[in-house]
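Take a look at the structure below.
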Amino acid sequence: MENVEIPEYFICPISLQIMKDPVTIVTGITYDRDSIERWLSKNPNSNAICPVTKLHVSRDSNLTPNHTLRRLIQSWCVSNGFNVVDRVLSTPKPPLSKLYLLNLVLDLSIPRTENIKTLEKLEMLAKENNERNKTYMVEVGVHEALVNFLIQCYMKCDTNGLEKALSTLSLIWDYLSSCHENNKVENREEILVDSITWALGLDRDTQNHATIKNHAMSLLRSIIGKANSSTLDRLKPQLFEKIIRVLRESGSNATTIAQKGVDNALHVILNTSHSGKNRNIMIQSMAIFELIELELNFSSNKKTKELIFEILLNLCSCADGRAQLLSHAAGIAMITKRILKVSPIVDEKAIMILCLITKYSATSGVLQEMLKVKSVSKICTVIQANCASHVKDKAREILRNHFDVWKNSPCVEVATLTRYA
């Protein structure tokens with residue numbers, strides 16, 4: 001089939017693949033439905049541009065099914081035995097109607113047992129790989145209805161339907177693009193975060209508690225990603241306590257929280273740790289201790305390790321943070337061991353952490369421990385390795401500042417120290 005020449009007008013101008021569901025827009029150009037819907041929904045303005053004609057097209061413009069072209073494609077696929085015939089011959093789903101969504105929103109606003117079925121329908125729509133569906137869901141106010149539902153769950157301590165509501169909100173939250181849409185939920189943002197905090201604190205006796213926490217953490221990451229500095233400064237200690245508890249449970253394998261859930265939790269901590277108030281709350285909640293335990297015990301990937309080291313660097317910018325890291329028996333050893341073992345990002349953050357410790361918290365015990373766990377030798381190796389110049393400069397700074405202490409140690413050669421200090 002490789003030698004079969006596909007008619008040009010069977011090919012979508014966006015995907016450059018055979019169209020499965022050809023639709024014609026107002027400019028007269030035909031595209032595959034999925035491709036043009038994705039193109040239109042990604043445009044942040046009220047008008048998008050037709051990829052072929054460059055004419056302005058409304059995001060809400062009608063997409064007219066091109067049944068004649070679809071039948072031609074079907075016939076051609078059958079005649080040529082083309083390997084995408086099954087996909088092309090399958091009947092395309094009708095486009096989602098805003099009226100249908102509005103009816104679902106209305107159903108959800110009336111407390112009753114059928115709410116679970118409504119939540120299941122909304123989640124199914126949000127899970128589809130369809131940008132326009134999610135955009136429509138936001139435009140008709142699905143997110144507002146789900147926020148109200150979530151808050152009611154929190155107020156009544158009722159987990160019935162909680163999993164579906166959190167899942168759907170987490171899938172559509174990033175589509176709240178306009179200020180108008182954001183303002184509608186900003187007024188309830190504090191109680192929304194309180195509701196998520198409650199969900200994160202559910203105990204293991206709660207049905208699907210791990211799945212609920214995964215969805216809650218995903219939603220929280222999206223909310224924090226759109227929040228302004230004022231909102232971040234108003235976050236409550238209970239939220240960070242619950243997040244760190246989730247990480248503690250992950251590190252001890254006490255729960256089935258997914259890798260994605262752990263990464264979302266780390267993103268939330270990282271994105272909120274730039275505030276001095278939040279850093280202090282995290283440190284008081286033993287965040288550094290738990291991050292070290294997570295790094296040591298959780299089967300983490302490279303990205304997870306990078307997130308942990310970025311957070312540790314932020315928290316070690318204050319004295320209490322450095323003190324907590326040094327109080328962990330494996331703190332300096334873990335930082336040292338990961339250098340040149342994970343990624344350039346981890347190398348940079350680790351050297352920066354050691355630089356902060358040796359500059360502001362360098363007791364004789366700390367300096368001797370760095371010799372014992374081979375931190376000094378690893379720092380010398382960094383200078384020889386293919387690391388960024390600013391990382392090497394920080395490594396040399398560490399060696400220069402404590403050359404007089406380390407030069408007499410049998411753990412490292414004086415000639416090596418002299419060469420790189």
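The values are calculated or read from the model by the stated rules, or taken from the named source; none is laboratory data. Quantities reported herein were computed from a predicted structural model and do not represent experimental measurements. Quick reminder, even Gly has a Cβ in these numbers, built from the backbone with ideal geometry, and neighbours come from all protein chains shown. Note: areas computed on protein heavy atoms with side chains; ligands, DNA, RNA excluded. Shrake-Rupley method; radii C 1.70, N 1.55, O 1.52, S 1.80 Å.
Summary of values
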item: Residue match in the range 249-271 (condition: touching a helix residue (DSSP H, G or I) at 6+ places or on another chain (Cβ under 8 Å), in contact (Cβ under 8 Å) with a residue 40 or more places away in the chain, of a type in the set (A, V, I, L, M) and under 23 Å from residue 376 (Cα atoms)); result: no
item: Residue match in the range 336-349 (condition: part of a helix (DSSP H, G or I), surrounded by 22 or more Cβ atoms within 10 Å (Cβ to Cβ) and of a type in the set (A, V, I, L, M)); result: no
item: Test: residue in the range 25-48 that is polar (S, T, N, Q), loosely packed, with under 15 Cβ neighbours inside 10 Å and in a strand (DSSP E or B); result: yes
item: Subset tally (residues that are at pLDDT 90 or above and not in a helix (DSSP H, G or I)) for the range 66-81; result: 1
item: Hits in the range 271-280 - residues which are part of a helix (DSSP H, G or I) and open to solvent by 20 Å² or more (accessible area, probe 1.4 Å); result: 271, 276, 277, 279, 280
item: Breaking point among (1) of a type outside the set (Gly, Ala, Ser); (2) part of a helix (DSSP H, G or I); (3) open to solvent by less than 70 Å² (accessible area, probe 1.4 Å), for residue 158; result: (2)
item: Residue among 356, 326, 312 that is at pLDDT 95 or above, open to solvent by 10 Å² or more (accessible area, probe 1.4 Å), under 32 Å from the mean Cα position of the chain (by Cα) and over 12 Å from residue 398 (Cα atoms); result: 326
item: The range 281-294 - residue that is over 19 Å from residue 217 (Cα atoms) and not aromatic (Phe, Trp, Tyr) and, of those, most open to solvent (accessible area, probe 1.4 Å); result: 284
item: Test result for residue 192, modelled with pLDDT of 85 or more and open to solvent by less than 20 Å² (accessible area, probe 1.4 Å); result: yes
item: Count - residues of the range 237-262 that are among the charged types (D, E, K, R) and modelled with pLDDT of 95 or more; result: 2
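Conditions tested, residue by residue: (1) of a type in the set (A, V, I, L, M, F, W, C); (2) closer than 23 Å to residue 39 by Cβ; (3) modelled with pLDDT of 90 or more; (4) open to solvent by 60 Å² or more (accessible area, probe 1.4 Å).
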site	(1), (2), (3), (4)
87	no, yes, no, yes
92	no, yes, no, no
96	yes, yes, no, no
134	no, yes, no, no
141	no, no, yes, no
